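Heads up: the structure comes next, in structure tokens.
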Amino acid sequence: MIIAIDFDGTIIEHGYYPNRGPLLPYAASVLKWLKIKGHKLILWTCRDGAALAIAVDQCLENGIDFDAINDNIASLPHLSKKVCASMYIGDDAWPQNPIDWKEIGKSFGMTEEDFKE
């Protein structure tokens, strides 16, 4: 599955743009687990330039690695600039706000032992 994930208010708490902010609880453990399980992750954010670099660096420093950043997965065919994903996780897209990463993880089959902070 290809999952597009927002940054501000989704991976980190609201109110820190264009800087770093505290990670939301379980965001890192869920995103790392999804990658291990073979899902493709796209960082899909309105950030660009230096603000985007800050977001990418913060993710990498927390072990969150994306297959694409504000773009489609390069190895997959696509016909438009619109990012192609099976699911979008964002503070304005996921069914509840604020984002509850533990609930997201459970919806993918994570168990209590899988949640590591």
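The values are calculated or read from the model by the stated rules, or taken from the named source; none is laboratory data. From a predicted model like this one, the values you see are computed outputs, not experimental measurements. Ideal geometry is used to build each Cβ from the backbone, glycine not excepted, and the neighbour counts take in all protein chains shown. The area values use the complete protein model at the heavy-atom level, side chains included, leaving out ligands, DNA and RNA. Shrake-Rupley method; radii C 1.70, N 1.55, O 1.52, S 1.80 Å.
Assorted remarks:
- Evaluation of Ala27 against (1) under 12 Å from the mean Cα position of the chain (by Cα); (2) buried (at least 16 other Cβ atoms within 10 Å of the Cβ); (3) more than 21 Å from Gly109 (Cβ to Cβ) (one fails), failing number: (3)
- Looking only at the range 37-57, and only at residues there that are under 14 Å from the mean Cα position of the chain (by Cα) and either at pLDDT below 95 or surrounded by fewer than 15 Cβ atoms within 10 Å (Cβ to Cβ) (or both), the one that is nearest to Asp91 (Cα to Cα): Cys46
- From the list Leu60, Leu31, the lone residue that is over 16 Å from Asp91 (Cβ atoms) and either modelled with pLDDT of 95 or more or in a helix (DSSP H, G or I) (or both) is Leu60.
- Residue that is nearest to Glu13 (Cα to Cα) [pool: residues in the range 72-117 that are modelled with pLDDT of 90 or more and of a type in the set (Ser, Thr, Tyr)]: Tyr88
- Residue list for the range 34-57, filter: in a loop (DSSP other than H, G, I, E, B) and small (Gly, Ala, Ser): Gly38
- Among (1) over 15 Å from the mean Cα position of the chain (by Cα); (2) surrounded by 18 or more Cβ atoms within 10 Å (Cβ to Cβ) - the single one Gly109 does not satisfy: (2)
- Of all residues making up the range 1-20, the number that are of a type in the set (S, T, N, Q) and open to solvent by less than 70 Å² (accessible area, probe 1.4 Å): 1
- For beta carbons closer than 6 Å, sequence separation of 6+ or different chains, a first residue in the range 87-116 that is farther than 18 Å from Lys32 by Cβ and a second that is assigned to a loop (DSSP other than H, G, I, E, B) and open to solvent by 90 Å² or more (accessible area, probe 1.4 Å), the qualifying pairs are Asp91/Asn97.
- Of all residues in the range 64-74, those satisfying the criterion of being of a type outside the set (A, V, I, L, M) and under 12 Å from the mean Cα position of the chain (by Cα) are Asp65, Phe66, Asp67, Asn70.
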